[in-house]
Amino acid sequence: VLKLFKLLHRTRQEVFKNDTRALEAARQKINEEFKNNQGETSEEKINELLKMASDVEVILRTSVIQAVHTDSDKI
């Protein structure tokens, strides 16, 4: 669980680099979701949550695009 938690935060830092608003929002959401499910004892539910977190990490890494403003009329 801790390994996945750290992986999500590393992915967040790479995907939203230099975007403080998105970095903070993603940090809060990751922390909130893990904290809300901290007391979960059902092995089935834990596996489901871990699968979901893993899927979110893959989606962040492969589907989120951050545009960079390079010139007055270019991104």
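Worth pointing out:
- Taking first residues from region 56-71 that are within 12 Å of THR11 (Cα to Cα) and partners that are among the hydrophobic types (A, V, I, L, M, F, W, C) and surrounded by 10 or more Cβ atoms within 10 Å (Cβ to Cβ), the Cβ contacts under 6 Å between residues at least 6 apart in sequence or on separate chains come to GLU57/LEU7; GLU57/LEU8; LEU60/VAL15; VAL64/VAL15.
- Count of residues meeting criterion [more than 16 Å from LEU7 (Cα to Cα), modelled with pLDDT of 90 or more and hydrophobic (A, V, I, L, M, F, W, C)] in region 21-75: 3
Residue by residue, here is whether (1) over 14 Å from the mean Cα position of the chain (by Cα); (2) open to solvent by 70 Å² or more (accessible area, probe 1.4 Å) holds:
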| site | (1), (2) |
| --- | --- |
| HIS9 | no, no |
| ARG12 | no, no |
| LEU23 | no, no |
| GLU33 | no, yes |
| GLU44 | yes, yes |
| ARG61 | no, yes |
| ALA67 | yes, yes |
| THR70 | yes, yes |
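- Residue in region 48-58 that is open to solvent by less than 100 Å² (accessible area, probe 1.4 Å) and touching a Ser or Thr at 6+ places or on another chain (Cβ under 7 Å) present: yes
- So ASP19, is it on the phi < 0 side of the Ramachandran plot and surrounded by fewer than 11 Cβ atoms within 10 Å (Cβ to Cβ): no
The values are calculated or read from the model by the stated rules, or taken from the named source; none is laboratory data. Keep in mind it's a predicted model, so treat the numbers as computed, not measured. Virtual Cβ from ideal backbone geometry, glycine too; neighbours counted across all protein chains shown. Only protein heavy atoms, including side chains, enter the accessible area calculation; ligands, DNA and RNA are left aside. Shrake-Rupley method; radii C 1.70, N 1.55, O 1.52, S 1.80 Å.
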